[in-house]
Structures are given as structure tokens and as C-alpha cells.
Ligand SMILES: Cc1ncc(COP(=O)(O)O)c(C=O)c1O
């Protein structure tokens, strides 16, 4: 018998963790068990996941930002069905199909100053293209990037990763230069040294939810251009409406030379990314007939991916999701900021739209400060795990620690959430904070199991 999804799922529905342990990255099921996130999800709709026991979860992770339009959006499903039913002549390769043209036109219409599009199959690939395009266009080799940066894990994108943990053991990588986030003097020094092709930045960093200081990007772009270098904005996570603008760089009043998108453009179904750049950059990369395929990829621009992208943009417009991200994000930030006055573990609430970081810090209260110190000795950033865990196990809300060893919880819900989901999250978060705040809270029932797990790890 051929492929039969229903019978595969009914026969093997519980085998996922075992199969991963046997045939894939065995550390994944191990980690999920350790942190108590080992569930089998069966269905999903919008911002909700449902597990095999029929329990519903509020998804404030959105597949690391993939589900901007929510899960299983009917508009995207219908678009993909139409493509399958049309039996198109896809990926002929030696042709000029219309769907990539239409999606490229839609993307550049949302990105004044950027003229052309190169499609990819992932975020990392979009970054790879950006790095190569910047080098070719400027004839220089050096890419500057920031502490904490995350741009993917292929060899090129790993070379501009701001975390030692990701890089260790994979070298030698490309020559690189890391800068402190938002440090204009460091940027100036590196530009004076020469050979800089570009500065690559996430307008809000995914790891830790760090924002550049106000005005930094505009001044950085001025300096870069003065030295003949480019500004690349990696919008793989922040783009497609996440921050309440289609591109996050719009908040900063800059127009980068190159921008990348991916994740949410997929509508949550078909991997797709894009590298947008200025005309003159494309002219230098694809400068002659001989160089027509000098940067290309077999699957890029396939019909399902393009339809997913076009349908996603249509849904975003029809449902006003960019505006909703700003509105719902404001409601979440206001609610969290009010809690920061009541719970002294909350050191900072930051972000834009529906990309929010809640940073925890050493409380003013002496008893709570002592608990904080104990947790920090066990493992830096453990406090955030202590918040994420009860949010999941008791309130059934899926969130994440923003980066390893970082005391920041990150919220990245679908852009479709409304008042109900905002209220549900704030009520749950307040409950967890209240318990952490109470005498014995952090090192009592909340903390004990997490500490035991951390020590075991
Ligand atoms: C800003 C940014 N760039 C690039 C990437 C890499 O994308 P992908 O995982 O699709 O390769 C990510 C993924 O999280 C990202 O957040």
C-alpha cells in the first residue's frame, strides 16, 4: 500500500520520541523530557495546539516565528490545494514562471528602495545570499555583526553568529568581526580599518530580544555608506509584520541595501525565504550572461512556496495583521509593564509588536535576592526556565527562554491573537509571578524540580 497518513498516524502516533531517539538527533527528545515539554501534538488551529489527550495549549512560540498567520489558516490551505490541483509545470528551471515574479513584485512593493528578489528555501540561505551579494557588490570581504547575533547555522551564517556555543568545533569559519550591540565607536573603528563589505544586523535580535539604541541604525547606515559599505537587515524573524510594521527597520527610518525574510512568509506550510536588494547590487552579482546562475538553488521559487508566500501576504492584508501585531503587542507590553511595578524580579519588558522579551533581574527585596543568587549559581538564566515551565505545565502556554543562559522569556505568538489570548497570557503570567514572589516561591515548589533537572543536566 502507498502512503496513507491516517493509518501511519494511528499505528505510530506515539512513536515520535522513540524514533527521534533512534534515528534523528537523540538530544531533542532528551531535552524535552528534561524540561517537561514532552507532549504529542495532534492538531492545531490559529494560536492553539491540541495534544493527544485533547488538552489545548496557547502557542506563544509560533514555531519560532513561522506561524504569523496562525496555524492551518484556511486561506493558505486553499491556495496550496489550488496549486496541487492545477498540476503546474513547476521547476522546469529553463523557464520564467509567473508565480515567483508575482511574489517578488509584492515584496518589493512593501520595501521601498529595494528593487529585486532572490528566493531561497530557508532563512539561513537568505542570509548566505546576502553575504555573497554584499561581498560581490563591494569587492570586499569583511562582514561586521553583533554580539548575540543569530542568522542561521550554515557555514556562512554561522561565521556571523554571536554565540561561542554555536560556533565551537565547526571552524575555521569565514573571517569575521563581532561588534557590541549598538556601539557606533566600534563600528567607526572597523570601517577605518577598511575592507568592510557590510554590517549585518537583526533590527531586534532573536536571541535575547535586544534592540539597538534609538537612532543607531540610521547613524550606522550613514557611516557605512560614507565608507562604501552596506547595511544588511536580517528580517527573517522580525519581518512580515511581526513587529507591527511589515519590516522592523521601518521603525528606525532606515532603508537597508539588502534585507532578508523567511519564516512567516511560508504561511506555516512551505519553506520559503527571500533576499531583497538594490538594483545595482543585482547588476554586480548577475553582471553578464556567463554569470546567470552564479548564485542559484534548485527548489527556490517552486510553485507551492510562491503560492504560500502570495497567500500569506493576501491574508496579512485582508486581516490587517500588521496593525493587529502592533495593537496586541501594545496590550501585552502594557500589561507586563504594569506587573513590573508589582514584581521586582521583572527587570525589563522590551520589544516591538509581537516580539517581546521579559528580562528578569536580581530583586530589590533581600529574601528574593538571596533566592536569585542561589539560582544563578546553579545555572545562569535558570530563572527564565522557572517561569516558562509552569506557564507550560500548569497554564498550557508555550513560550521559550530567549537564549541559553539568558534570564529572558520571549513571546512570539501568531499575529492573529486578540484580547482573549492577551488576557489569558497576562493572567497566567501574573499567577506564575505571584508564586515566584511569595515567600519560598522561587526555591520552593517552583524552583526545586527545575534545579534538580539543571543539576542532572
Ligand atoms: C534573524 C534570523 N536569521 C536567520 C535565521 C535562520 O533561519 P532558518 O532557521 O530558516 O535557516 C533565523 C532563525 O531563527 C533568524 O531568526
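Structural remarks
- Any hit, region 316-338, residues being within 16 Å of the ligand (Cβ to nearest atom) and within 20 Å of residue 107 (Cα to Cα): no
- Pair list, Cβ < 7 Å and 6+ apart or interchain, from region 64-90 residues that are over 26 Å from residue 238 (Cβ atoms) to residues that are assigned to a helix (DSSP H, G or I) and more than 16 Å from the ligand (Cβ to nearest atom): 83/303; 83/304; 83/307; 88/303; 90/303
- Failed condition for residue 313, given (1) farther than 18 Å from residue 232 by Cβ; (2) within 16 Å of the ligand (Cβ to nearest atom); (3) surrounded by 17 or more Cβ atoms within 10 Å (Cβ to Cβ): (2)
- Pairs, first on the phi > 0 side of the Ramachandran plot in region 239-254, second part of a loop (DSSP other than H, G, I, E, B) and crowded, with 24+ Cβ neighbours inside 10 Å, C-beta under 7 Å, six or more apart: 240/68; 241/68; 241/415; 244/353
- Any hit, region 303-310, residues being farther than 24 Å from residue 273 by Cβ, crowded, with 24+ Cβ neighbours inside 10 Å and touching a strand residue (DSSP E or B) at 6+ places or on another chain (Cβ under 9 Å): no
- Residues of region 188-221 that are closer than 24 Å to residue 126 by Cα, away from the ligand (no atom under 16 Å from the Cβ) and touching a residue at least 40 places away in the same chain (Cβ under 8 Å): 195, 196, 197.
- Some residue of region 21-31 being buried (at least 18 other Cβ atoms within 10 Å of the Cβ), touching a helix residue (DSSP H, G or I) at 6+ places or on another chain (Cβ under 7 Å) and within 30 Å of residue 300 (Cα to Cα): no
- Region 170-260 holds strands (runs of 3 or more DSSP E) entirely within its bounds, and those carrying 1 or more residues that are surrounded by 22 or more Cβ atoms within 10 Å (Cβ to Cβ), at pLDDT 95 or above and within 20 Å of the chain's Cα centre (by Cα) map to 196-201, 230-234.
- In summary, residue 11 fulfils each of the numbered conditions (1) surrounded by 10 or more Cβ atoms within 10 Å (Cβ to Cβ); (2) more than 29 Å from the chain's Cα centre (by Cα); (3) modelled with pLDDT under 95 with the single exception of condition (3).
- Taken over region 158-173, the criterion of being on the phi < 0 side of the Ramachandran plot and without any contact (Cβ under 8 Å) to a residue 40 or more places away in the chain is satisfied by 158, 159, 161, 164, 166, 167, 168, 170, 171, 172, 173.
- So residue 423, is it assigned to a helix (DSSP H, G or I), exposed (fewer than 14 other Cβ atoms within 10 Å of the Cβ) and in contact with a helix residue (DSSP H, G or I) (Cβ under 9 Å, 6 or more places away or on another chain): yes
- Within region 433-448, the only residue that satisfies the criterion of being modelled with pLDDT under 75, over 30 Å from the mean Cα position of the chain (by Cα) and surrounded by 16 or more Cβ atoms within 10 Å (Cβ to Cβ) is 443.
- Within region 144-167, the residues that satisfy the criterion of being in contact with a helix residue (DSSP H, G or I) (Cβ under 7 Å, 6 or more places away or on another chain) and away from the ligand (no atom under 14 Å from the Cβ) are 144, 167.
- Scanning region 271-299 for residues that are surrounded by fewer than 22 Cβ atoms within 10 Å (Cβ to Cβ) and under 23 Å from residue 87 (Cβ atoms) yields a count of 3.
The values are calculated or read from the model by the stated rules, or taken from the named source; none is laboratory data. Treat the numbers as computed from the prediction; the structure is a model and nothing was measured. In this analysis, Cβ positions are derived from the backbone assuming ideal geometry, glycine residues included, and neighbour counts consider all displayed protein chains.
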